[in-house]
Structure formats: structure tokens, C-alpha cells
Amino acid sequence: MPTEPHETPPKSQLLRSILWAAAFTALAGVAIYSGLEMYLGNGSKNVRYSGEAAIRSEFSLTDHTGQDVTQADYSDRWQMVFFGFTNCPDICPTTLAYMASVIDLLGDDAVKVAPIFITVDPERDTVPVMAEYVSVFHPRLIGLTGTEVQVAEAATNFRTWYERTEDDSAPDGYFMAHGGYVYLMRPDGAFEAVYQEGGQPPEVLAQDILEKL
Amino acid sequence: MIPLAALTMWPMTAQADVTISDGWARASILASRPAAAYLTLRSDEDDQLIGITTPIAGHVTVHGVETDANGVSRMSAIEALKLPSGETVTLAPGGMHLMLMALTEKLEEGTVLPLTLTFASGAKIEISVPVLGPGASGPEKE
């Protein structure tokens, strides 16, 4: 009887089957994995937060009357928040005056919005300094200061950036570079919108806010 | 109330004929904080604003404001403000401003701020600008 030249003994046949099964499983695994990855990957891209959505009104600071406050103290109102410093002669007064105009334009609904000025220069902008400063712009303007750490935390939560820059031509030899945005936050502290003072006249922003209230 | 007529100018004829208009200042907040002043300049020949003095402030600098792509603004000192011939250069809120530091007293709304401007051409001009509110956005128009 002629022997089949490449007849595989039963043991190797079993081994070969196992190897093929393993290879198949591996391939299938890879296929399933990449499939899931693609599906879930795309899914997670959809829910991944953009920079703006991550902005939250969260802080532990001291207001200009000397009272310690957190965002919870304003949870009954919308918040209009601006970061600046009192040694800033141009952008900060411009923006705070703008916010004051917006508050006035809200009329009776002004009580539903807390206009907040947070200093990025707590070293110089102490409670009495903040008190005098905010009183100039609007009786309802709230000034917040605190320790360097507290201010840094607040800035991080608002995803706003600031930096101390040494400059001989500046008062006390330094000024603060800071973002010029006005943040509109919902009572629960969630981000609603961001504006720049120069982006729209106060009437437009007031109208925007009235529609959201 | 100081009317706009207080914007008096005594241009002294010099090498360059520099016209200054629409000058105004913001009242300062807290005697220790800097004040800002703004104006419009126009020179009939290439010139530069190289110095500003005022009796009420120890130090006056021209500052520019740059806002980068992330919305972060920073000030930068402008040593010599270029005035190209025939070009109108305006200092206004959000852009360039005169920063007055080491004020001898708070700059009060309703008063007048005297400034002496010195130019590279040798021109020297004295002006008085009205001091408006701390949040004023522009010169008062008649």
C-alpha cells in the first residue's frame, strides 16, 4: 500500500488545528478590537469636551466686603465674570465699564445676574483695594480676591490664563498679562458663553442675556 | 463742568508740525493706580513721540496692548511712537494709551490734565486734556 508522503500524524494534526484556531482567534480578536476601537473611538470623540465646555464657575475667594465666598454663593444667579487687575489702566476699566452698561441695560432682570471681577494680582489687589475699585464702576459689581493659590485655582476652573511679566516701565515693576474675556456662567456654574468687550455693543450682550434668563 | 473748550492747544512751531486732537484722560481709581490718557496725533513729516511729562505724574509711558490668538492681552512699552508723515495715529481704549504712573494725586473726573509732548524732531507741544470718568470710552463730542 503506497504511503501518503506528507500524511500528518494525528498528534501534529491536533497541534496544527490548535495553532490555526489560535491564529483565527487572534485575528478575530484584532478585528473585533479595532472595530470596537473605531466605533467607540468615534463615540468618545463626540463626547470629548471642547475647551469651552470644560469651563466651570468654581472658586473659593474673598469678596470685596471681606467675606469668604464660593460659587455656591452665586448659584441663585447667572454670573458675568472677568479676570483683570487694578493696575491695568486700559483694558480693565474698559471692560468693567462695559459690564456695568450691560447690567444697567438688564433693567429689572439685573438682579438675576452677578457681575464679578476676579483679580489675577491678589498681592496688590487686597480687599480694601477691590472695594474701592469696584464701587467706581457699578454698585452691584462684585470684586473677588484671595491667596495666590485660590486665584490660580479659579483661573484654572475658568480655563483662563494669566502671567506676571516684569517690566521696568510698569507700576511696581510688573504687570499682569491676562485674558480679556467676559464669561457668562449659568447659576449651576456651567459654562454658557464667552464674550469679548469689543465684540458687540452692550445692548447686544444685554439682549443675549435677557433671552437666556 | 469743564467743556470741551478746555481742550486747549498751544502748538509751538518747530521742525515738524504735529497736530494733536481729541485728547482725553480717564479719572484714576485709587491714588496709587495708574491713569490712562488718549489722543490723536498727526505729523506733517516723519517724526516720533519720544517723551511725555506732566506735573501730576512722575512717569508717563506710551503703552501698546497686544492680544494673542488665545485672547491673552499684554502691555508693552513703546519707547518712541512712530508718526509717519501725514498719517493719523490714534491712541484709544483697547489699543495704545498713555500710562501715567506715580501720580501725585488721584486724577479727578471733571478736571484738566496738562501734558507736554516731546518729539524727535525737536517739537515740543503742551496740551491740556479733559479728565472724563474712569470707564469713559472716548472723547466727548460736541
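The values are calculated or read from the model by the stated rules, or taken from the named source; none is laboratory data. In this text the structure is predicted, and so the values were computed from the model without any measurement. Heads up, the Cβs are rebuilt from the backbone with ideal geometry, glycines too, and the neighbour counts pull from every protein chain shown.
Assorted remarks:
- Counted residues, region B:42-75 - those being among the hydroxyl-bearing types (Ser, Thr, Tyr) and crowded, with 18+ Cβ neighbours inside 10 Å: 4
- Residue in region B:15-39 that is modelled with the lowest pLDDT, counting only those that are surrounded by 15 or more Cβ atoms within 10 Å (Cβ to Cβ), farther than 25 Å from A:Arg124 by Cα and touching a Phe, Trp or Tyr at 6+ places or on another chain (Cβ under 9 Å): B:Ala16
- Top-ranked residue of region B:77-94 - restricted to ones that are surrounded by 15 or more Cβ atoms within 10 Å (Cβ to Cβ) and assigned to a strand (DSSP E or B), ranked as farthest from the other protein chains (Cβ to nearest Cβ): B:Leu83
- Scanning region A:155-186 for residues that are surrounded by 18 or more Cβ atoms within 10 Å (Cβ to Cβ), more than 8 Å from chain B (Cβ to nearest Cβ) and within 19 Å of A:Ile142 (Cβ to Cβ) yields A:Ala155, A:Phe158, A:Thr160, A:Val182, A:Tyr183, A:Leu184, A:Met185.
- Residue in region B:108-129 that is free of Cβ contacts under 8 Å to residues at least 24 places away in the same chain, within 23 Å of A:Glu197 (Cβ to Cβ), in a loop (DSSP other than H, G, I, E, B) and within 14 Å of chain A (Cβ to nearest Cβ) present: no
- The set of residues in region B:52-65 that are in a strand (DSSP E or B) and more than 9 Å from chain A (Cβ to nearest Cβ) comprises B:Ile52, B:Thr53, B:Thr54, B:Ala57, B:Gly58, B:Val60, B:Val62, B:Gly64.
- Every listed requirement among (1) among the basic types (Lys, Arg); (2) under 23 Å from the mean Cα position of the chain (by Cα); (3) within 27 Å of B:Gly64 (Cα to Cα) is met by A:Arg186 save one, (3).
- Filter result for A:Asp73 (within 14 Å of chain B (Cβ to nearest Cβ), surrounded by fewer than 18 Cβ atoms within 10 Å (Cβ to Cβ), out of contact with any Gly (no Cβ under 7 Å at 6 or more places or on another chain) and modelled with pLDDT of 95 or more): no
- Per-region count, region B:95-126, residues crowded, with 19+ Cβ neighbours inside 10 Å and not small (Gly, Ala, Ser): 13
- Hits in region A:115-154 (condition: assigned to a strand (DSSP E or B) and either crowded, with 23+ Cβ neighbours inside 10 Å or more than 26 Å from the chain's Cα centre (by Cα) (or both)): A:Pro115, A:Ile116, A:Phe117, A:Ile118, A:Thr119, A:Gly143, A:Leu144, A:Thr145
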